[in-house]
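Worksheet: one structure, shown below.
The values are calculated or read from the model by the stated rules, or taken from the named source; none is laboratory data. Everything numeric in this text was worked out from a predicted model, so none of it was measured. All Cβ positions, even for glycine, are placed from backbone atoms using ideal geometry, and neighbour counts span all protein chains on display. Accessible surface is based on the protein model in full, side chains and every heavy atom, while ligands, DNA and RNA are left aside. Shrake-Rupley method; radii C 1.70, N 1.55, O 1.52, S 1.80 Å.
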Amino acid sequence: MRYLLPQNESAEVDLDQAYAYPEQAAGRSYVRSNFVSSADGGAEVGGRSGPLGGDGDRQVFRTLRWLCDVVLVGAGTVRHENYGPVIVPPQRRELRVAAGLAAVPPVAVVTASATLDPAARLFDAEVRPVVLTCAAAPADRRAALAQVAEVVLCGDNTVEPAAALAALAERGLTRVLLEGGPTLHAQLAGAGLLDELCLTVAPLLAGPDRKTITMGDGWPEPARLRLIQVLTEDGSLFLRYQRA
Ligand SMILES: NC(=O)c1ccc[n+]([C@@H]2O[C@H](COP(=O)([O-])OP(=O)(O)OC[C@H]3O[C@@H](n4cnc5c(N)ncnc54)[C@H](OP(=O)(O)O)[C@@H]3O)[C@@H](O)[C@H]2O)c1
């Protein structure tokens, strides 16, 4: 992998360095999203993002997980992708602990319906996942999930994005890695709560009728971004944007 921007960087990319969180991320919530998209903006093929990403994308995906305090994800992605817990190899655990992070970051799932299977692989985790839900979620489903996760109410009929981030911050989880999906992404970005977007552009056309990286109700204004880094490998672009 090599740098296109900044242009004077050395040829060999250290991904830990390239994707280091800014200093302030330890003190307040800093939300970084990570998506892969086709050249025509598709965020899934057959309901999965896997077919879009190559080796470089998988490397970035893993690195971002290893740098964060918590992986935040919407229930749609958990169901579509049969999400599992974060896997951190022993050497990376040591690095994380030395840097003051927990050995393994939990996954936090956002759901209004609490329609998640307590027997799903996500809940067979070394670190207890967090379920961010709302008062309107059926009590029996919430109770079932409380057996396998920490269940936190962050709103009445829906999860308020700011309340979800506050609940994570209360638990010391401020370096937030938002892995989607498009619906949750649009809500955080639309509320002005997205600090950074890491976007892999894969060299393929996904074709018509695909989800994009933001879905749901439209915004009155676009959210402006500033391009701060571009890496490339095997025809893929790895773009890093911050909120303008
Ligand atoms: N290309 C990529 O990098 C990438 C990344 C992630 C996902 N994807 C793709 O995106 C697709 C899934 O899209 P999606 O939009 O359904 O994903 P999503 O945003 O993960 O899930 C939507 C669901 O999340 C919950 N949710 C979101 N915002 C909420 C809020 N404010 N309050 C309460 N619940 C909230 C709801 O769950 P309940 O229905 O349980 O209430 C909602 O139905 C999949 O095909 C996946 O492969 C692609």
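Conditions tested, residue by residue: (1) among the aliphatic types (A, V, I, L, M); (2) away from the ligand (no atom under 13 Å from the Cβ); (3) within 21 Å of Ala186 (Cα to Cα).
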{"site": "Tyr3", "(1), (2), (3)": "no, yes, no"}
{"site": "Gln24", "(1), (2), (3)": "no, yes, no"}
{"site": "Gly47", "(1), (2), (3)": "no, no, yes"}
{"site": "Gly50", "(1), (2), (3)": "no, no, yes"}
{"site": "Pro85", "(1), (2), (3)": "no, yes, no"}
{"site": "Val88", "(1), (2), (3)": "yes, yes, no"}
{"site": "Gln91", "(1), (2), (3)": "no, yes, no"}
{"site": "Leu95", "(1), (2), (3)": "yes, yes, no"}
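Quick one: which of Leu177, Leu165, Leu132, Leu122 is within 16 Å of the ligand (Cβ to nearest atom), over 22 Å from Thr214 (Cα atoms) and open to solvent by less than 20 Å² (accessible area, probe 1.4 Å)?
Numbers: Leu177 fails: over 22 Å from Thr214 (Cα atoms); Leu165 fails: over 22 Å from Thr214 (Cα atoms); Leu132 fails: over 22 Å from Thr214 (Cα atoms).
After applying the criteria, what remains is Leu122.
Could you give me the residue pairs with C-beta distances under 9 Å whose first residue belongs to region 41-58 and is on the phi > 0 side of the Ramachandran plot and touching a residue at least 12 places away in the same chain (Cβ under 8 Å), whose second residue is within 9 Å of the ligand (Cβ to nearest atom) and assigned to a helix (DSSP H, G or I) wherever it lies, and which are 6+ apart or on separate chains?
Gly47/His80; Gly47/Glu81
What number of residues within region 199-229 are surrounded by fewer than 16 Cβ atoms within 10 Å (Cβ to Cβ) and under 17 Å from Pro6 (Cα atoms)?
3
If Glu196 satisfies every condition in (1) open to solvent by less than 10 Å² (accessible area, probe 1.4 Å); (2) touching a helix residue (DSSP H, G or I) at 6+ places or on another chain (Cβ under 7 Å); (3) not aromatic (Phe, Trp, Tyr) but one, which is the exception?
(2)
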